[in-house]
Amino acid sequence: MKVKLLGLSAAIAGLTLVAGCQESAAPGIEPKVYTDSLFAVMKADRTNYTKLIIKRLGPAGAGSIAPAEHWKDLDNGAPLPAQMFRAGAEGVRELTDEFTYSLQSIWPINKQNAPKTQMEKDGLQYVVDNPGENFYGTETLGDQDYFTAVYPDVAVSDACTVCHNEHKDTPKTDFKVGDVMGGVVIRVPL
């Protein structure tokens, strides 16, 4: 059977199928390898959307398309990178319960992106304090154990830093390109 994967959701669904395959004689994918693979796809898509779309549109938009926080209220608005990321996470949540992911920060503009568990808080602080490193741990939520990974979310463009530094609700106003602005939290049930 020939399968054509398109976009982040399809790629992630494909990884989920591979990771969940029990018919193979080989053991399943280790949680760290699984989350690292998922993050690689997420990071590539997020970086490309920011650099190839948002950066090219600029703050005022190119022509009739404008990236904006309230993009749905505009005739031709485009979602910001964090909003696009959230939409992907929500779409994946509808497809599978094999993992979840979210974009979080210890300096969230939108309070729903603040860490909620101690593991998330520890992981986000770790990636800020240790640039270029990831954080891995296990936690129990309810009666379920999870492998939780936190990856640094780095400002890849001045479009990121200008938007965050100038936003009316920002708790931090001195981000520079290359700074860790938050983290991607991926959680896999064990």
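Only the coordinates and a few stated rules stand behind these numbers; no lab work does. Just so you know, these numbers come straight off a predicted model, no measurement behind them.
Brief remarks follow.
- Violating pairs (Cα-Cα greater than 25 angstrom) within the set LYS121/LYS176; LYS111/LYS168; LYS32/LYS172; LYS51/LYS121; LYS32/LYS111: LYS32/LYS172; LYS51/LYS121; LYS32/LYS111
- Cα shape, segment 74-147, gyration tensor, a/c 1.5 rule: oblate
- Backbone geometry of segment 79-84 corresponds, through the Karplus equation with coefficients 6.51, -1.76 and 1.60 at θ = phi - 60°, to 3J(HN,Hα) couplings of x, 6, x, 5, 5, 5 Hz, x marking Gly and Pro.
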